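J.: There's a structure below that I have some questions on.
The values are calculated or read from the model by the stated rules, or taken from the named source; none is laboratory data. Owing to the predicted nature of the structure, the values given are computational and were not obtained by experimental measurement. Here the Cβ is made from the backbone with ideal geometry for all residues, glycine too, and neighbour counts use every protein chain on show.
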Amino acid sequence: MPLATRVFVSMALAAFFASVTMLVMPDVGGLGPPPSVPDALSWVNRGVMQPLFLVPAVLAAVLYAFAKTRPLPHGLIRARSSLSPMGDGLSKTQRLEATRSAFAAQSVGADGLVLAELMVDAGVRTGASDIHLHPLKDQATVSVRIDGSLESLGTLDLAQYAQLINRLKVLGRLTHYVTDRPQDGQFTLDTATGNAEVRLSLLPTQHGEKAVMRLAGLGNEGPRLENLSLPESVRAQLTRMLDKPQGLLFFTGPTGSGKTTSIYASVAHLQQTRGALAQIATIEDPIEFSLQGAAQTQVNRAAGLDFATGLRALLRQDPNVLVVGEIRDAETARIATQAALTGHLILTTVHADSAPGVFNRLLEMGVEPSVLASVALASFSQRLLRKLCPHCRQPEPPTDEQKARLEAFGTAPAEYFIARGCDECGGTGVLGRAAVFEVMLMTDELREELKSNPSTQRLMSVAKDQGLVPLREAALKRARDGEVSLAEALRVSE
Ligand SMILES: [Zn+2]
């Protein structure tokens, strides 16, 4: 199809021709509104306009290509919104198929930059969290991770793949000639759906460098508390803590548990509620998302900038909110607790197994129990669970093994659900993810207990008396509510 061709879609015409879903018209200069039915019919009769018979996936691919490069005439707006990742017009399968066709059609002969854009765009449109590029002996595979599982998007020949990797290295400001050791970078790419923040990681393999592009944020709309599908109680607890003028807020959970997202969403909340009064500075490794109006600093160990030195430097600028990517050494822990004592609200992550476990980690790092007791506000432990597709969800009794585990936990029998897969969820049974939380809010009793340097078990038991709901119980509740499968809830209970 020549580039100069204008594309029009008319819902009325689609209905009239039944299977005609698109009309292609030679470029007659200017892009008007979609033609009326009589006009279009007369154009078809006179040979000015030629009907094209397309299956929906191809139509979607063409529209996608079209929408990428220019503003849409208003008749196409509806079609475009149904192609967007948030649009509910297409099921997950349809969206993935449309994206696959678009990728197959547009990747032919594309150079490195176009390929990079295509992929990021495909990731955005399918709602993927990351894009995996894997070189094999004869070709390279491209896949997207959607709701936690990898879906194939297509393949590239090795020459094109090499071009793409070179372009990604340029974008991520990585060393071009280094191919034998891992490299990490990041860049922002303008796509049809807005600016995408990409974290790039390259890893040498036997057939070349494997790349993972993690999509961290889109446009100006970063993570928001209201979009995290937090239980209402957790959201209320978190926002109450964020209103405090000073103190330490801890987030913990394994890699990929969404704790960084929670921190970014919290910062967005602070910016919203405090406005210009929020002087926010961060020290991160890596910076996963650009925060407008915040001073973000990237850890650079080669240049002697680690969390501790970075944090000390930030404090000289006297921000009132600080994000410290991670506390994992005594020095950072000491500076952070001191800062929290002197009028700073600090959000940070600590590696621990549970919300109370965070405190033992800090005590192990040599933080004074009494200091910790006075500066800690709360600790949030979280995991991401794959949500059941509501379209194909059905009740399913627990297996004997699951029953035994539930009994061991002392959980009362209940109804649970599974999803076997349908068109809406691409046959996976999964649609979206939900964060499950264990929240430990500091109370006078917990502060008192903390001063005596307690074990994690002891702290957990006091916290439970003070209202803490353990992660396992929070996850099992989500399973009983039919939001996640029992297997998924039990997975985080180990
Ligand atoms: Zn389904």
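J.: Hey, any hits in the stretch 477-487 for a residue that's closer than 30 Å to residue 366 by Cβ and in the same structural domain as residue 256 (by TED's automatic domain parsing)? Break it down into steps so the answer makes sense when it comes.
T.: Keep residues of the stretch 477-487 that are closer than 30 Å to residue 366 by Cβ, which gives none.
Scanning the stretch 477-487 turns up no residue that is closer than 30 Å to residue 366 by Cβ and in the same structural domain as residue 256 (by TED's automatic domain parsing).
A quick yes/no check of all residues on (1) touching a helix residue (DSSP H, G or I) at 6+ places or on another chain (Cβ under 8 Å); (2) in contact (Cβ under 8 Å) with a residue 24 or more places away in the chain:
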position	(1), (2)
238	yes, yes
255	no, no
258	no, yes
266	yes, yes
299	yes, yes
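J.: Kindly establish whether residue 373 is away from the ligand (no atom under 16 Å from the Cβ) and within 30 Å of residue 271 (Cβ to Cβ). Full working, then the answer.
T.: Details: away from the ligand (no atom under 16 Å from the Cβ): yes; within 30 Å of residue 271 (Cβ to Cβ): yes.
Yes: the conditions hold for residue 373.
J.: Which of the residues that make up the stretch 461-494 are outside any helix (DSSP H, G or I) and either of a type in the set (Ser, Thr, Tyr) or over 25 Å from residue 448 (Cβ atoms) (or both)? Please lay out each step first, then the result.
T.: Our first condition is that a residue be outside any helix (DSSP H, G or I); within the stretch 461-494, this holds for 466-470, 481-485, 492-494.
Within the stretch 461-494, 481, 482, 483, 484, 485, 492, 493, 494 qualify.
J.: Please go through the stretch 394-439 and pick out each residue that is of a type in the set (D, E, K, R) and crowded, with 21+ Cβ neighbours inside 10 Å. Let's see the steps before the verdict.
T.: Step one: list which residues in the stretch 394-439 are of a type in the set (D, E, K, R), which gives 396, 400-401, 403, 405, 407, 415, 420, 423-424, 433, 438.
If the condition is that a residue be of a type in the set (D, E, K, R) and crowded, with 21+ Cβ neighbours inside 10 Å, then 438 is the only one that fits.
J.: Can you run down the residue pairs with Cβ atoms below 6 Å, 6 or more apart or on separate chains, where the first is in the stretch 371-385 and in contact (Cβ under 8 Å) with a residue 40 or more places away in the chain and the partner is acidic (Asp, Glu)?
T.: Sorted first by the residue in the stretch 371-385, then by its partner, the pairs are 381/438; 385/488.
J.: Taking the residues in the stretch 301-320 that are more than 17 Å from residue 287 (Cα to Cα) and basic (Lys, Arg) as candidates, determine which candidate is nearest to the chain's Cα centre (by Cα).
T.: Restricting to residues being more than 17 Å from residue 287 (Cα to Cα) and basic (Lys, Arg), the top hit is 312.
J.: Is it the case, given these coordinates, that residue 366 is part of a loop (DSSP other than H, G, I, E, B) and either out of contact with any Cys (no Cβ under 6 Å at 6 or more places or on another chain) or buried (at least 18 other Cβ atoms within 10 Å of the Cβ) (or both)? Please lay out each step first, then the result.
T.: Numbers: part of a loop (DSSP other than H, G, I, E, B): yes; either out of contact with any Cys (no Cβ under 6 Å at 6 or more places or on another chain) or buried (at least 18 other Cβ atoms within 10 Å of the Cβ) (or both): yes.
Against the criterion (part of a loop (DSSP other than H, G, I, E, B) and either out of contact with any Cys (no Cβ under 6 Å at 6 or more places or on another chain) or buried (at least 18 other Cβ atoms within 10 Å of the Cβ) (or both)), residue 366 qualifies.
J.: Any residue in the stretch 222-234 that's in contact (Cβ under 8 Å) with a residue 12 or more places away in the chain and surrounded by 13 or more Cβ atoms within 10 Å (Cβ to Cβ): show its pairings with residues that are of a type in the set (Phe, Trp, Tyr) and not in a helix (DSSP H, G or I) at Cβ separation under 8 Å, as long as the two are six or more apart or on different chains.
T.: Within 8 Å, the pairs are 222/289; 223/289; 230/437; 231/437; 234/380; 234/437.
Residue-wise test of (1) of a type outside the set (A, V, I, L, M); (2) at pLDDT 95 or above.
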{"position": "457", "(1), (2)": "yes, yes"}
{"position": "460", "(1), (2)": "no, yes"}
{"position": "463", "(1), (2)": "no, yes"}
{"position": "477", "(1), (2)": "yes, no"}
{"position": "481", "(1), (2)": "yes, no"}
{"position": "485", "(1), (2)": "yes, yes"}
{"position": "491", "(1), (2)": "yes, no"}
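Results for (1) of a type in the set (A, V, I, L, M, F, W, C); (2) touching a strand residue (DSSP E or B) at 6+ places or on another chain (Cβ under 6 Å); (3) away from the ligand (no atom under 16 Å from the Cβ), shown as yes or no for each residue.
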{"site": "396", "(1), (2), (3)": "no, yes, no"}
{"site": "415", "(1), (2), (3)": "no, yes, yes"}
{"site": "445", "(1), (2), (3)": "no, no, yes"}
{"site": "451", "(1), (2), (3)": "no, no, yes"}
{"site": "456", "(1), (2), (3)": "no, no, yes"}
{"site": "460", "(1), (2), (3)": "yes, no, yes"}
{"site": "474", "(1), (2), (3)": "yes, yes, yes"}
{"site": "485", "(1), (2), (3)": "no, yes, no"}
{"site": "492", "(1), (2), (3)": "yes, yes, yes"}
